[in-house]
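J.: Pasting a structure here, questions to come.
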Amino acid sequence: MLVQTHHLSKRYGPFAALDNCSMGVQKGEIFGLLGPNGAGKTTLLRILLGYIQPTAGTAQVAGFDCVSESLAVREQTAYLPGESRLFRRMTGNRVLDFFSGLRLECRRDRAASVARRLDLDCSRQVARMSTGMRQKLALAVVLATESPLVILDEPTANLDPTARAEVLELVLEARAAGRTVIFSSHVLSEVESTCDRVAILRSGSLVHQQSLDHLRRCHRITARLTGPLGEIPASLESQLTITEGRQASPNREVERGTFVLEATDSLGPLLGWLATLPLEEVRIEPVGLAAVYDRFHRPATQLQREQSVGAPPHSSANGL
């Protein structure tokens, strides 16, 4: 593991900004951090970089302790904060000159190349750049730094769709070059298209971790029957869960009507079984990251409505 945390917590008086967070990020992967504002994402990133000290627990980056060896940690890391502050009186080119001269790992030619790919005019003074242009300039500095770990906090904020797509391509290129990327974002589609794994934070707690490769094999099947469902084959029982529809009888049969299944593995064997059923209508769709995220961050009114009808809360941190 390149990054590891063990029971990491940060409290401000009675308020827990981060609570008992244990996780690991493997070398060469893109790891997504998800959660609403105030969930603890930025607190976690700042602890990793040694900018703030934890109340309890430990964290390491590349084998270095994030508290006692924070300078060594930052030498291993390129960091894009959520709000980048650059020298307003400098031109974009002077900013790139400054950071490439400040840090040997930041290649000036690479920074200029990233800026061109993002369609950024570096001859303009920073004070006269738009918010999106300043974001592109900060990205050029960070993505030109050849460090083992890249931490990106909302990297596509304030960018147009073309620039967003280019940033995601640059992130994938960083992984292809063997670098590890921690990617914090509110845009689920971006995380789903780039990340290998994600962690979901809620109120300072790590409530779920998910492999995106596994998620892409998960599907929701909605079917309407003209007859009974019958018994689910034993070979498929571990891969299927009936989430909606008529209640199963003791022999696991469902009467005619509409039911919903969630499948957690390859669709091949499942399709063969579905073909034997008395189907009137069937719809198969990927579960998607949004559905997983909504399990932990649904509006309070919806949670109250579900609890009023006895629906069990979703609180597992171990996968689908």
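J.: When you check Leu303 against the structure, is it in a helix (DSSP H, G or I), open to solvent by 70 Å² or more (accessible area, probe 1.4 Å) and either closer than 25 Å to Ala234 by Cβ or modelled with pLDDT under 85 (or both), yes or no?
T.: No: the conditions fail for Leu303.
J.: Suppose the filter is open to solvent by 50 Å² or more (accessible area, probe 1.4 Å), among the hydroxyl-bearing types (Ser, Thr, Tyr), part of a helix (DSSP H, G or I) and farther than 17 Å from Leu274 by Cα; does Ser238 pass it?
T.: Taking the combined requirement at face value, the residue does not satisfy it.
J.: Look through region 150-169, keep the residues that are over 16 Å from the mean Cα position of the chain (by Cα) and open to solvent by less than 20 Å² (accessible area, probe 1.4 Å), and return whichever of them is farthest from Leu48 (Cα to Cα).
T.: Out of the qualifying residues, it is Ala163.
J.: Let me ask something additional. Just checking, does region 20-36 include any residue being in contact with a Phe, Trp or Tyr (Cβ under 8 Å, 6 or more places away or on another chain), among the hydrophobic types (A, V, I, L, M, F, W, C) and part of a helix (DSSP H, G or I)?
T.: no
J.: For residues that are part of a strand (DSSP E or B) and of a type in the set (S, T, N, Q), scanning just region 241-251, find the one that is modelled with the lowest pLDDT.
T.: Among residues in region 241-251 that are part of a strand (DSSP E or B) and of a type in the set (S, T, N, Q), the one modelled with the lowest pLDDT is Thr243.
J.: Can you tell me which residue is surrounded by the fewest Cβ atoms within 10 Å (Cβ to Cβ) among those in region 266-296 that are outside any helix (DSSP H, G or I) and small (Gly, Ala, Ser)?
T.: To start, the set of residues in region 266-296 that are outside any helix (DSSP H, G or I) comprises 266, 275-287.
Then drop every residue that is not small (Gly, Ala, Ser), which leaves 266, 275.
Numbers: Ser266: 11, Ala275: 9.
If we take residues in region 266-296 being outside any helix (DSSP H, G or I) and small (Gly, Ala, Ser), then Ala275 is surrounded by the fewest Cβ atoms within 10 Å (Cβ to Cβ).
J.: Oh, and also: Among the helices (runs of 4 or more DSSP H) confined wholly to region 67-137, which include 1 or more residues that are within 30 Å of His6 (Cα to Cα) and open to solvent by 20 Å² or more (accessible area, probe 1.4 Å)?
T.: In region 67-137, the matching helices (runs of 4 or more DSSP H) lie at 70-75.
The values are calculated or read from the model by the stated rules, or taken from the named source; none is laboratory data. Since we're looking at a predicted model, the values are computed, not measured. No Cβ is skipped: glycine too gets one built from the backbone with ideal geometry, and neighbour counts run over all protein chains shown. When the accessible area is computed, the model is the full protein with side chains, heavy atoms only, and any ligands, DNA or RNA have been set aside. Shrake-Rupley method; radii C 1.70, N 1.55, O 1.52, S 1.80 Å.
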